[in-house]
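Colleague: I'd like to ask some things about the structure below.
The values are calculated or read from the model by the stated rules, or taken from the named source; none is laboratory data. In this text the structure is predicted, and so the values were computed from the model without any measurement. Backbone-built Cβ (ideal geometry, glycine too); neighbour counts: all protein chains shown.
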Amino acid sequence: MICIRNSTVTFTFCQNNRPTAFSHTEFRAMATHGICTEYAPRRFPAIVLRIRGYNSGDDDVEPNGVATALLFRSGRVVMTGVRAPACGLCSTVNVMAHRVRHRVRAALRGAGLSAAARALRIGEVRVRNLVSSVRLPFRVHIEPLRCTLSMALSESQQQPQSVARPIAVTFLLFVNGQLIVTGVRSVEHIDEALQNIETMVNRSTYRR
């Protein structure tokens, strides 16, 4: 099973279906009245929010992790540290985005800016990067695999034909069968990347 160990997600706050930039008063209010927030404008121009992770109930994903959201005055939010099983990534990301909005709304209400809090909406949520792990059901011979990958790359460059290159991803493959995949933006890309490397891995494995 594919488990998402970390992800980078972005979205923008909106008002009346348009991206919104916070006023100086609103931004300072969120920094002052927000819970578990950090704001040091001389060092970094964003409010740092710590959000309790969403527990998906899956035993393979660490529960109660803490995600970090960077809130910029432009209304843009960059969130990292979201974990989930691959099948529940979309729902988990949306839950975490709404938790960020809830925290921002609560801070605005605490400062007496209820109208701004009510108008706050979430724009399109986009996944920018995923770090996932897969447990292969067999152990791996690293050295033969390294040679196989080198030969495949060399042959692809020498053949006078069009070569369909896979999505640019990074694999960390361990002898015990643990596989870490980085540099992808969706679960579908992870599946595609695994299919591309599966044949070469099978050539260099031995079963338990």
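Colleague: Restricting to the stretch 22-56, what's the tally of residues that are outside any helix (DSSP H, G or I) and in contact with a strand residue (DSSP E or B) (Cβ under 9 Å, 6 or more places away or on another chain)?
Modeller: Kept after step one, since they are outside any helix (DSSP H, G or I), are these residues of the stretch 22-56: 22-23, 34-56.
Going one step further and asking which of them are in contact with a strand residue (DSSP E or B) (Cβ under 9 Å, 6 or more places away or on another chain), we end up with 22, 34-40, 44-54, 56.
Count: 20.
Colleague: Residues in the stretch 179-208 that are at pLDDT 75 or above and either assigned to a strand (DSSP E or B) or of a type outside the set (Ser, Thr, Tyr) (or both): how many? Explain how you work it out, then say what you get.
Modeller: Here is the first cut: in the stretch 179-208, the ones at pLDDT 75 or above are 179-195.
Of the ones still in play, those that are also either assigned to a strand (DSSP E or B) or of a type outside the set (Ser, Thr, Tyr) (or both) are 179-185, 187-195.
Of the residues in that region, 16 qualify.
Colleague: Being of a type outside the set (A, V, I, L, M, F, W, C) and exposed (fewer than 15 other Cβ atoms within 10 Å of the Cβ) is the filter; apply it to the stretch 83-105 and report the residue that is nearest to GLY34 (Cα to Cα). Spell out the reasoning first.
Modeller: Residues of the stretch 83-105 of a type outside the set (A, V, I, L, M, F, W, C): 83, 85, 88, 91-92, 94, 98-99, 101-103, 105.
Pick out the ones that are also exposed (fewer than 15 other Cβ atoms within 10 Å of the Cβ) and you get 91, 98, 102.
Numbers: SER91: 25, HIS98: 15, HIS102: 10 Å.
Ranking the qualifying residues of the stretch 83-105, first place goes to HIS102.
Colleague: Considering only residues that are of a type in the set (D, E, K, R) and at pLDDT below 75, look in the stretch 128-178 and name the one that is nearest to ALA84 (Cα to Cα).
Modeller: Quick first cut of the stretch 128-178, residues of a type in the set (D, E, K, R) only: 128, 135, 139, 143, 146, 155, 165.
Checking which are at pLDDT below 75 leaves us with 143, 146, 155, 165.
Working: GLU143: 32, ARG146: 31, GLU155: 38, ARG165: 29 Å.
Filtering the stretch 128-178 for residues that are of a type in the set (D, E, K, R) and at pLDDT below 75, the one nearest to ALA84 (Cα to Cα) comes out as ARG165.
Colleague: On to the next question. Tally the residues that are part of a strand (DSSP E or B) and buried (at least 16 other Cβ atoms within 10 Å of the Cβ), restricting the search to the stretch 65-79. Explain how you work it out, then say what you get.
Modeller: Keep residues of the stretch 65-79 that are part of a strand (DSSP E or B), which gives 66-72, 76-79.
Filter again for buried (at least 16 other Cβ atoms within 10 Å of the Cβ), leaving 67, 69-72, 76-77, 79.
Total satisfying the criteria: 8.
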